[in-house]
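Engineer: Got a structure here, written out as structure tokens. Questions coming.
What follows is calculated from the coordinates using simple rules that are stated; it is not laboratory data. Since the structure is predicted, the reported quantities are computational estimates derived from the model, not experimental observations. No Cβ is skipped: glycine too gets one built from the backbone with ideal geometry, and neighbour counts run over all protein chains shown.
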Amino acid sequence: MEPRYLRLGVNIDHVATIRNARGGVHPDPVRAALAAAAAGADGITAHLREDRRHMTDNDIVRLTEEIELPLNLEMAATDEMLQIALRHVPHAACIVPEKRQEQTTEGGLAVAGAQEFLAPFVRELSGAGIRVSLFIEPDIRQVEAAHSLGASVVELHTGAYCEADKDDRSRQFTQIETAAARAEELGLECHAGHGLTFDTVASIAGIPTIVELNIGHFLIGESIFGGLESSIKRMRSLMDKSRASAAGQNSS
Ligand code: PXP
């Protein structure tokens, strides 16, 4: 059987981080989104944080108007972000936990136990035709809670796997594999991301039920050395090779 296609969503937040360091207009995240599309990205991901430390409201307006690839808007579960998402109707909204002091999204959303709070967000976004994804730890309880809420997608946080030392790596990997399998059983589309690099992407790409990876910081950082298109093409190729070889192993 042909392996399922693995989409690459390129997160362009850190193009805006560099732009904002000088407060001007360069480098332009929309230009980066267009370059990502030309290099083979399947989608663009942008996180409008409450403190607007990278993406701005105007970036989101421009991304919805100027790019053709599907936009995945990462957002905290707040009324302000809900209104913004409902105004722009991106292809997908990924609900993430957000803390002011963190440098990045440090963990997954605690969906289990917060269903009552999250339900109106899932309902309203889905009602507007936006695919709702919940960014969770690779934990079966969280997958099941996301399913009970009626989300269409779960995105598994790969940060702990990417940062694990070699003794802990296989345990972290098994958790992702198990959570992805449970998502599949429940009919949830499964994505993954956070902290992925050229070294860590292959194993995650080899999990056949994961259909999208969202990758940002490493690609933008690597583009300093070889250009954005080249870093995306290399990532794409590593993903494709790993998926094809995992499918070959499963069928033999
Ligand atoms: N997926 C989600 C939900 C995220 O919040 C982030 C980081 O913004 C990523 C993927 C990408 O992580 P990284 O920038 O480490 O590749």
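Engineer: Cut-off under 14 Å on the C-alpha distance; same-chain residues fewer than 8 positions from Lys241 excluded. Which aspartates and glutamates are left, in chain and number order?
Structural biologist: Glu2, Asp199
Engineer: Then there's this: Order these by the 10 Å Cβ neighbour count, fewest first: Thr78, Thr209, Thr45, Thr105.
Structural biologist: Thr78, Thr209, Thr105, Thr45
Engineer: Which shape class, rounded, prolate or oblate, goes with the range 2-121 when its Cα gyration tensor gives a ≥ b ≥ c as root eigenvalues, a/c under 1.5 marks rounded, and past that a/b bigger than b/c marks prolate? Walk me through the numbers before you get to the answer.
Structural biologist: On the way: a/c = 1.67, a/b = 1.22, b/c = 1.37.
Oblate, since a/c reaches 1.5 and b/c is not below a/b.
Engineer: What nm value, rounded to one decimal, do you get for the distance between Arg7 and Arg234 when each label is placed 7 Å out toward the C-beta?
Structural biologist: 2.6
Engineer: Take Ser245, Ser133 and order them by how many other Cβ atoms sit within 10 Å, fewest up front. Don't skip to the answer; put the middle values down first.
Structural biologist: Working: Ser245 14, Ser133 28.
In order of increasing Cβ crowding within 10 Å: Ser245, Ser133.
Engineer: Taking the alpha carbon gyration tensor of the chain, what are the square roots of 5 times its eigenvalues, largest first, to the nearest whole Å?
Structural biologist: Taking √(5λ) for each Cα gyration eigenvalue gives 26, 23, 17 Å.
Engineer: Along the Cα→Cβ direction, 7 angstrom out, place labels at Ala114 and Arg169. What is the inter-label distance in nm?
Structural biologist: 3.1
Engineer: Over the Cα atoms, compute the radius of gyration (one decimal) and Dmax (the largest Cα-Cα distance, rounded to a whole number) for the range 55-135, in Å.
Structural biologist: Using the Cα atoms of the range 55-135, the pair Rg, Dmax is 12.7, 39 Å.
Engineer: Just to be sure I understand the curve: with the Debye formula and one point per C-alpha of the range 210-252, what is log10 I(q)/I(0) at q = 0.15, 0.28 Å⁻¹?
Structural biologist: After summing over all Cα pairs, the log10 values are -0.45, -0.95.
Engineer: What's the long-distance tail for the range 146-252, i.e. % of Cα pairs beyond 19 Å?
Structural biologist: When every Cα pair of the range 146-252 is considered, 48 percent fall beyond 19 Å.
Engineer: Something else: For the residues Arg4, Arg182, what sequence is obtained by ranking on other C-beta atoms within 10 Å, fewest first? Spell out each step's value before the answer.
Structural biologist: On the way: Arg4 12, Arg182 21.
By the 10 Å Cβ count, ascending: Arg4, Arg182.
Engineer: At 0.36 nm per residue, and after removing the present C-alpha to C-alpha distance, how many nm does the segment from Thr178 to Gln249 gain when stretched out fully? Walk me through the numbers before you get to the answer.
Structural biologist: Numbers: separation 71, 0.36 × 71 = 25.56 nm, distance 1.86 nm.
Extra length from Thr178 to Gln249 when fully extended: 23.7 nm.
Engineer: Quick one: grab the alpha carbon gyration tensor of the range 102-181, order the square roots of its eigenvalues as a ≥ b ≥ c, and give me rounded if a/c is under 1.5, else prolate or oblate depending on whether a/b is larger than b/c.
Structural biologist: Numbers: a/c = 2.45, a/b = 2.01, b/c = 1.22.
It is prolate, given that a/c is not under 1.5 and a/b is the larger ratio.
Engineer: Another question, if that's okay. Let's test the formula: R0 of 30 Å, r as the Cβ-Cβ distance of Arg141 and Thr197. What FRET efficiency results, to the nearest 0.05?
Structural biologist: 0.60
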